[in-house]
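J.: Here you go, one structure.
Nothing in this text is a laboratory measurement; each read-out follows from the coordinates by a stated rule. Quick caveat: nothing in here was measured; it's all calculated off a predicted structure. Methodologically, a virtual Cβ is constructed for each residue, glycine included, from the backbone with ideal geometry; neighbour enumeration extends over all protein chains shown.
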Ligand code: FAD
Ligand code: DHB
């Protein structure tokens with residue numbers, strides 16, 4: 001088989017890149033490890049920056065999003081029993097869009113199907129090969145048959161555990177990482193959200209987040225020990241703990257119900273440099289991970305896709321390779337800013353066992369500054385709604 005761009009990974013980064021290439025007459029084949037139903041069963045991000053929303057529209061995959069999305073012009077931050085709002089609209093005329101990653105991925109699959117582009121699911125042992133030559137290919141096994149896709153370029157969009165990053169020689173890559181000693185337990189429930197906007201809650205008992213997918217579907221998270229299994233947390237236990245971490249007026253208003261999904265996510269900061277080797281280009285979680293507190297993972301993946309797609313267009317349509325050469329540097333400049341913001345929000349809002357009292361006072365002072373200082377709020381609003389590409 002032959003294509004122009006072989007994409008490993010049919011998550012949001014791979015699918016979005018494939019559609020952007022498609023509308024610009026560049027062929028791609030997607031090689032995905034799991035069945036489509038599995039990819040669409042993962043509940044992940046919910047908050048989209050405008051840059052990502054605009055890319056979805058530009059590939060004709062934004063119609064359902066336009067109908068079903070919620071627009072949020074601010075977020076609430078609570079601390080003990082007090083709460084303040086960071087109002088993106090009045091601060092920077094900004095907003096974010098609430099629309100689930102699962103739905104966005106479904107819309108991209110439908111757009112890909114309509115365009116008749118090739119996607120191979122349930123592929124085993126996908127491996128980027130000969131990436132330092134001008135005839136790279138991806139080898140994989142599909143339904144028992146060994147396959148090779150020859151291509152001009154390989155896009156490694158295969159998430160944190162995928163094979164693409166490992167194809168960069170170990171002596172040529174630097175991996176920066178930080179793991180956090182706690183996780184997030186998340187539930188989805190068919191109950192109306194507790195508030196119009198999200199609530200990021202810092203409390204003595206740990207962090208909590210009240211989010212949503214739509215007006216009838218809520219998404220809640222609580223910080224908990226990494227070793228806890230979701231099965232240990234019955235629904236009643238979860239609701240009880242969530243309420244204890246929210247201001248009283250919010251806890252009193254929470255509509256509880258049966259959870260329809262419950263999962264645990266570890267928190268990690270990770271960056272691989274460089275994001276390109278030979279004819280292999282990494283996008284999204286394949287190259288970097290953020291703790292979810294700033295809602296930046298999917299949005300940063302979309303930033304990479306933006307840079308790579310433009311560079312490929314210049315290569316194919318204008319015979320200009322400058323942007324491909326600059327891809328890693330350009331993408332990493334934005335990646336590190338989203339890393340900083342995610343790290344900052346995580347440190348601001350979580351409780352650590354054995355945390356020095358001084359650091360807790362620093363969190364308190366930072367929250368106080370953020371609650372009353374417009375400049376501090378502008379910095380947060382600029383980062384949360386999305387740095388420019
Ligand atoms: P992935 O979504 O991981 O997709 C990679 C794809 O590659 C997968 O389909 C996988 O099956 C496939 N793959 C893996 N290995 C192989 C292989 N060997 N061969 C072929 N295919 C392979 N981000 C936000 O921006 N906003 C949020 O609000 C937000 N909330 C989050 C909440 C939680 C609880 C979690 C866990 C994450 C959240 N994120 C958020 C992060 C976001 O979900 C990820 O950053 C995003 O999924 C990255 O997309 P991706 O396409 O790079 O990787
Ligand atoms: C959601 C997840 C996040 O990590 C976040 O910061 C905000 C919202 C969510 O799943 O809705």
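J.: Can you give the translational diffusion coefficient of the range 152-261 in µm²/s, computed by Stokes-Einstein from the Kirkwood radius over Cα pairs at 25 °C and 0.890 mPa s?
T.: 150 µm²/s
J.: A further question follows. Considering the Cα trace of the range 77-132, what is its radius of gyration and what is Dmax, both in angstroms?
T.: According to the Cα coordinates of the range 77-132, Rg and Dmax are 21.2, 58 Å.
J.: Another question, then. Before rounding to the nearest 500, sum -39500 (n - 2.57) across all DSSP H runs of length at least 4 in the chain and divide by the residue total; then give [θ] at 222 nm in deg cm²/dmol.
T.: Mean residue ellipticity, 222 nm, calculated: -11500 deg cm²/dmol.
J.: Would you mind telling me the antiparallel percentage of the DSSP bridges in the chain, rounded to 5?
T.: 75 percent
J.: I've got another one for you. How do 5, 290 line up, fewest other C-beta atoms within 10 Å first?
T.: The most exposed by this proxy come first: 5, 290.
J.: How big is the chain by the Kirkwood estimate over distinct Cα pairs, in Å?
T.: Kirkwood hydrodynamic radius for the chain: 21.7 Å.
J.: Test of understanding: express the Cα radius of gyration of the range 39-158 as a ratio to 2.2 N^0.38 Å, with N the residue count. Write out the running numbers ahead of the final one.
T.: Values: Rg = 20.1 Å, N = 120, 2.2 N^0.38 = 13.6 Å.
This ratio for the range 39-158 stands at 1.48.
J.: Fewest first, what order do 176, 281, 99 take by the number of other Cβ atoms within 10 Å?
T.: Ascending Cβ contact count within 10 Å gives the list 176, 99, 281.
J.: Then there's this: Once each part is reduced to its C-alpha centroid, what is the distance from the range 335-389 to the range 242-282 in angstrom?
T.: Rounded to whole Å, the Cα centres lie 16 Å apart.
J.: Averaged across orientations, what area in nm² does the convex hull of the alpha carbons in the range 333-383 project?
T.: Average projection, Cα convex hull of the range 333-383: 4.0 nm².
J.: Note down, for the range 120-208, the three equivalent ellipsoid semi-axes (square root of 5 times each alpha carbon gyration tensor eigenvalue), biggest first, whole angstrom.
T.: 41, 20, 12
J.: Moving to a separate point now. Over the range 262-389, what relative contact order in percent results from Cα pairs under 8 Å that are six or more residues apart?
T.: On the way: 116 pairs, mean separation 31.5, N = 128.
Relative contact order of the range 262-389: 25 percent.
J.: Could you please rank 308, 20, placing first whichever residue has the fewest other Cβ atoms within 10 Å of its Cβ?
T.: So the ranking, lowest neighbour count to highest, is 20, 308.
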